[in-house]
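A.B. asks: Have a look at this one.
The values are calculated or read from the model by the stated rules, or taken from the named source; none is laboratory data. Keep in mind that this is a model prediction, so the values were computed, not measured. Note: ideal-geometry Cβ built from the backbone for every residue, glycine included; neighbour counts use all protein chains shown.
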Amino acid sequence: MILTTHAVVGATTYGLLQDNPVLASAAAFSSHYVLDYFPHWEYETDPRKTKDKKIIIVLKILIDLAIAFTLVSILAFYVFPTSPKNFAMVLTGAFFGLLPDGFQLLYMLRFRHKTISWTQRVHDFFHSEDESLKRSVRAMVTQVVIVLVCIAIIYMI
Ligand SMILES: [Zn+2]
């Protein structure tokens, strides 16, 4: 699943449970695995499975991350212009929603510390093996709908 979706869902999950920051962080972190569990659209990041050069893969990830950060920041500024607490809430939730892919990036960059290897096994365990929707426009639209629903929920928090 793309980083933008993980960031927005993480922010929303955190926002819904913000009265308990530890639970909210754990839930935002866990939301990543729930989203990855279902078959989904995503761009290929495994150099063994694509003809793209590594620099192109890195550029795709950076563009996705830039969109995620921009969207979450706009959301935080627009929805919570006068509330630093809620602004921090949105950014913290997005951070925890993205964190499992951050661990995966470290693993792909050959950081093989025990903790990183363990998080990669957990990520692989939960990540859908079904690639039938990987290039599906319908599955891409599903992520747009998920993001829009989350934005509406954040707006109502
Ligand atoms: Zn992931």
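A.B. asks: Restricting to segment 42-58, name every residue that is modelled with pLDDT of 85 or more and buried (at least 17 other Cβ atoms within 10 Å of the Cβ).
C.D. replies: Across segment 42-58, the qualifying residues are Glu42, Ile57.
A.B. asks: Oh, and also: Quick check on this structure: which one of Ile55, Ile61 is among the hydrophobic types (A, V, I, L, M, F, W, C) and within 18 Å of Pro100 (Cα to Cα)? Explain how you work it out, then say what you get.
C.D. replies: Values: Ile55 fails: within 18 Å of Pro100 (Cα to Cα).
Criteria check complete, one pass: Ile61.
A.B. asks: If you don't mind, another one. Looking at segment 7-25, is at least one residue within 13 Å of the ligand (Cβ to nearest atom), without any contact (Cβ under 8 Å) to a residue 60 or more places away in the chain and either part of a loop (DSSP other than H, G, I, E, B) or among the polar types (S, T, N, Q) (or both)?
C.D. replies: Within segment 7-25 (the criterion being within 13 Å of the ligand (Cβ to nearest atom), without any contact (Cβ under 8 Å) to a residue 60 or more places away in the chain and either part of a loop (DSSP other than H, G, I, E, B) or among the polar types (S, T, N, Q) (or both)), the answer is no, since none of the residues qualifies.
A.B. asks: Any residue at all in segment 63-73 that is farther than 19 Å from Lys134 by Cα, of a type in the set (Val, Ile, Thr) and surrounded by 16 or more Cβ atoms within 10 Å (Cβ to Cβ)?
C.D. replies: Yes: segment 63-73 contains one or more residues that are farther than 19 Å from Lys134 by Cα, of a type in the set (Val, Ile, Thr) and surrounded by 16 or more Cβ atoms within 10 Å (Cβ to Cβ).
A.B. asks: Something else about it: Which count do you get for residues in segment 8-25 that are within 11 Å of Met89 (Cβ to Cβ), surrounded by fewer than 23 Cβ atoms within 10 Å (Cβ to Cβ) and either of a type in the set (A, V, I, L, M, F, W, C) or touching a strand residue (DSSP E or B) at 6+ places or on another chain (Cβ under 9 Å) (or both)?
C.D. replies: 3
A.B. asks: I'd like to know if segment 86-104 contains one or more residues that are closer than 15 Å to Ser25 by Cα, more than 16 Å from the ligand (Cβ to nearest atom), out of contact with any helix residue (DSSP H, G or I) (no Cβ under 8 Å at 6 or more places or on another chain) and not hydroxyl-bearing (Ser, Thr, Tyr).
C.D. replies: Yes, segment 86-104 contains a residue that is closer than 15 Å to Ser25 by Cα, more than 16 Å from the ligand (Cβ to nearest atom), out of contact with any helix residue (DSSP H, G or I) (no Cβ under 8 Å at 6 or more places or on another chain) and not hydroxyl-bearing (Ser, Thr, Tyr).
A.B. asks: Do we find that Val122 is within 17 Å of the chain's Cα centre (by Cα), more than 14 Å from the ligand (Cβ to nearest atom) and not acidic (Asp, Glu) in this structure? Explain how you work it out, then say what you get.
C.D. replies: On the way: within 17 Å of the chain's Cα centre (by Cα): yes; more than 14 Å from the ligand (Cβ to nearest atom): no; not acidic (Asp, Glu): yes.
No, not satisfied.
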